[in-house]
1. Take the solvent-accessible surface of the protein heavy atoms, probe 1.4 Å, and return the percent of it on the chain that carbon and sulfur atoms account for.
2. Sticking to Cα atoms, compute the Rg of region 70-140 to one decimal and its Dmax as the biggest Cα-Cα distance, whole number, in Å.
3. Near the amide H of Leu111, under 5 Å away, which other amide H atoms are found, from residues 5 or more places off or on another chain, if H is placed in the peptide plane?
4. Hey, can you grab everything whose amide H is under 5 Å from the amide H of Glu25? Only 5+ residues off in sequence or another chain; H modelled, so Pro and N-termini drop out.
5. Using only alpha-carbon positions, what ratio does the radius of gyration of region 136-211 give when scaled by 2.2 N^0.38 Å?
6. Give the dimensionless ratio obtained when the Cα radius of gyration of the chain is divided by 2.2 N^0.38 Å.
7. Return the long-range amide H neighbours of Ala65 (sequence gap of 5 or more, or a different chain), with a cut-off of under 5 Å between placed amide H atoms.
8. Which whole-angstrom value gives the distance between the alpha carbon centres of region 136-211 and region 2-26?
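The values are calculated or read from the model by the stated rules, or taken from the named source; none is laboratory data. Fair warning: this is a prediction, and the values are worked out from it, not measured in the lab. For accessibility, only protein heavy atoms count, side chains too; no ligands or nucleic acids. Shrake-Rupley method; radii C 1.70, N 1.55, O 1.52, S 1.80 Å.
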Amino acid sequence: MKLRYRIAAFIIRTVWKLFFGFRIEGVENIPPKGRLIVAANHRSNYDPPLIGAAAGIRRELFYFAKLGLFTPSKWFAWLIRSFNAYPVDTRKFDLPALRKTGHLLERELGLLYFPEGTRNRTPLDFLPAKPGLGYIAKKYKAPILPTLIIGTNIPLWRLALRRGKVKVIFGRLINAELLDQFPDNKQGYIAVSQLVMDRIKEMYIRETQHQ
């Protein structure tokens, strides 16, 4: 793990725990090495740094970021690149970004991926799964770690007053061998992605029942 990543992850965890009551569960489910896809739901721009910081207790993650985030400010582009973001053009099939993703997994590194394909700005708890996760996981035989993040869509002032909670929960690993039962076509890729989203929904139901 790069030193700057380790330091940044520690700072993010500390600040969010102190001011917003940030909590993390299931870190022991994160494999410390080997190719890995951490697959999470997505409600806020806070999700990537918080999940990355939570996983940073055990390992470093790389993640997509929208191409538009790299253009307004060279300083900001440098900053997010320094912490393992790489650009993807969401308006089209971005082959260079896909190749970058494959290269990372072939190097036995960890990837953060959002199966819903975009931020959920709807009243629904989750969006339907897209096929991208299933395609990448099957092509590169990468285990998937279903991950739930909650509370990042709550205004920060409410979190500061503890009128809500922000939490990352890492679930049980889905081994790459399990994915072999799904066909190598669009329906199979969607089924893999939906399996992951179903695991995330199960964690969400358990978590909300305990509130």
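1. In the chain, the share of accessible area belonging to carbon and sulfur is 58 percent.
2. Computed over the Cα atoms of region 70-140, radius of gyration and Dmax are 13.9, 38 Å.
3. Under 5 Å from the amide H of Leu111 lie the amide H atoms of Leu36, Ile37, Val38, Phe62, each far enough along the sequence or on another chain.
4. It is Val168, Ile169, Phe170, by chain and number.
5. Its radius of gyration relative to the 2.2 N^0.38 Å reference: 1.38.
6. Values: Rg = 16.4 Å, N = 211, 2.2 N^0.38 = 16.8 Å.
That works out to 0.98 for the chain.
7. Tyr86, Val88
8. 20
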